[in-house]
Amino acid sequence: MFTKTLRTLCALVCVAFVAGCAQPYPKVEPDFESNWQPQRYQAEVALLASAPEAFAKRIQLVRQAQSSIDMTYFDWEQDTLGVLLLSEIKFAANRGVKVRLTLDDLMVFDAKWLAELDSHDNIEIRIFNPFDSRKSGWLGRAIDFSSHQDRLDNRLHEKYFNVDHTHMILGGRNIGSDYFGYNKHANFFDLDVLFKGEVIVAFDANYQNLWNSTHVTPIRELIEVEENHQYVDFYTTMARVNKDNKQVIENVYTHVANLKQPDFIQTEVTPVFDSLQKLENNKPYFRTRAERSINKELRSANKVVISTPYIVPTQGKFTVIEKLREQGTDVTLLTNSSASNDSGFIPAYYEQHRITLLEKGVNLYEYKDTALNEDHFYHGDTYYHNKALIIDDKLSFIGSSNFDPRSDFLNLEFGLFIHSEAFAAQLEEYLFGDKSLFWDVTLDGQGNPIWSSGNESTADNPNYGAWHEITDRIFRKMDGEFEL
């Protein structure tokens, strides 16, 4: 996994080529998507209550697979858990299970270890919106992006795990050790939800639509592997990432062996999918459809909890939050602190908007970069990655979308609304049951932010010093909020 410093350096390389080239916001007609109608489906839902359980459940489902495994991810990391899950998937393919994996190309370079799996008779891997550059690292990607920004700006951000069309996992996690608490240096606080029932039919159709589109390319057309490779790169990668990680692997399999039956809640859900037309016009299909799905509930809401790792306004305005506060809705926002954010760019802009949100009366809680999640195997730096919404303790959203322009206008996203008081209670407890993970941010008498937690209080942005302020000023001059 990239450390935060390396992520920032990679971002700086890209910015060197695209600074000043942020795309304009598209014109959105007042009647945009007015004919779209939400549909409800029956479903059984179960919140996977810990990071190790969320990974162990995937392995259990793969081992139980009878016919198919369909997956979509923004990032599949070349680390212990990433390779471990792929090895389990390969075993399933060996016994006849048909596997399809769709990956965004941003983090896929000359990944022969991955491309080798595609040669398996029962495994197909397709890459979304591929770059031309593959062997020149981030520098090559930056040059490629600068020449083809209109196309390459759109990324596949969905996270989807479907086994036998009977069990489906949705949430915010990509596949990698850091998303499940097993990275020695830094981990994400994230969530996953397990689904059964007729709603899977809608997600099957969405997956098939993307799989058959011109926007995905077989990995074999992008990455060349030896004809008789015998999975040499894959097994070499496995040996490398597993070295000195025996305890992690043992812990994973202990969790698999001790998995309990999920506590399913029977309810109705409303799925919301993006449109592939977004790749042509950058219009906010998902965001508009999501708001239309819950327009009635938003207008009458007494309480709304918003959880997002990145809080960036659209054209300088938090339109939904402003409407909610104007009608007297109590709004609570859970997000990253400046120091816990895994993006080098977001804090530069968030610094300007924190006070705006507080002045609007938002209850603001920022995740600590030193937060201690008890379910994590390793404890280091921590980042907040939960994407959720709860309205009046009875309607919840789970999905891939962040509360930012990139999710609205550039990335392909999806999610669903869960109509259940019982699930909403579980979700809020999961997100906010341990308040020691967060700073409670308020304004003092002079309008300056104060960060409080327990008996601790400070007027200084926690663990965010002068060096960050210098880079923040540089980032803000690039005027790139649309890209975030």
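None of the figures in this text is laboratory data; all of them are computed from the coordinates on show. Because the structure is a prediction, the values reported are computed rather than measured. Positions of Cβ are generated from backbone atoms using ideal geometry, with glycine treated the same way; all protein chains shown enter the neighbour counts.
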>> Compute the distance from the alpha-carbon center of segment 178-254 to that of segment 359-384, in whole Å.
In response: 26
> Sequence-distant or interchain residues sharing an amide H contact under 5 Å with ASP192, placed H: which?
Replying inline: LEU48
> segment 44-139: which trypsin sites (Lys or Arg not before Pro) are DSSP loop and have at most 13 other beta-carbon atoms within 10 angstrom?
Replying inline: ARG95, LYS135
> What nm value, rounded to one decimal, do you get for the distance between SER213 and PHE91 when each label is placed 7 Å out toward the C-beta?
Replying inline: 3.4
> Amide H neighbours of VAL97 under 5 Å, counting only residues 5+ apart in sequence or on other chains, H built in-plane at 1.01 Å?
Replying inline: none
> Which of the following values of Kirkwood radius over Cα pairs in Å was calculated from the structure shown: [x] 24.4; [y] 27.4; [z] 23.1?
Replying inline: [z]
> Which of the aspartates and glutamates could a cross-linker span from LYS394 if the Cα-Cα distance has to be under 14 Å and same-chain partners fewer than 8 positions apart are dropped?
Replying inline: GLU268, GLU297, GLU421, GLU428, GLU429
> For segment 96-113, in order, what is each residue's ³J(HN,Hα) by Karplus, 6.51 cos²θ - 1.76 cosθ + 1.60 with θ = phi - 60°, in whole Hz (x at glycine and Pro)?
Replying inline: x, 6, 7, 10, 10, 10, 10, 10, 5, 8, 4, 9, 9, 9, 8, 7, 5, 4
> For the residue pair THR370 and ALA425, what label-to-label distance in nm results when each label sits 7 Å from Cα along the Cα-to-beta-carbon direction?
Replying inline: 3.5
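With the Cα gyration tensor of segment 42-257 giving a ≥ b ≥ c as the square roots of its eigenvalues, does the rule (a/c under 1.5 for rounded; else a/b larger than b/c for prolate; else oblate) give rounded, prolate or oblate? Could you put the intermediate results ahead of the total?
Numbers: a/c = 1.41, a/b = 1.20, b/c = 1.17.
Because its axes are fairly even, with a/c under 1.5, segment 42-257 counts as rounded.
With a Förster radius of 30 Å, plug the Cβ-Cβ distance of ALA459 and LYS360 into 1/(1 + (r/R0)^6) and report the FRET value to the nearest 0.05.
Details: r = 21 Å, r/R0 = 0.69.
So, using R0 = 30 Å, E works out to roughly 0.90.
Taking R0 as 41 Å, what FRET efficiency do you get between ASP110 and ASP392 from their Cβ-Cβ distance, rounded to the nearest 0.05?
Values: r = 50 Å, r/R0 = 1.21.
Approximately 0.25, to the nearest 0.05.
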>> Run the helix sum for the chain: -39,500 (n - 2.57) per DSSP H stretch of 4+ residues, divided by residue count, reported at 222 nm to the nearest 500 deg cm²/dmol.
In response: -10000 deg cm²/dmol
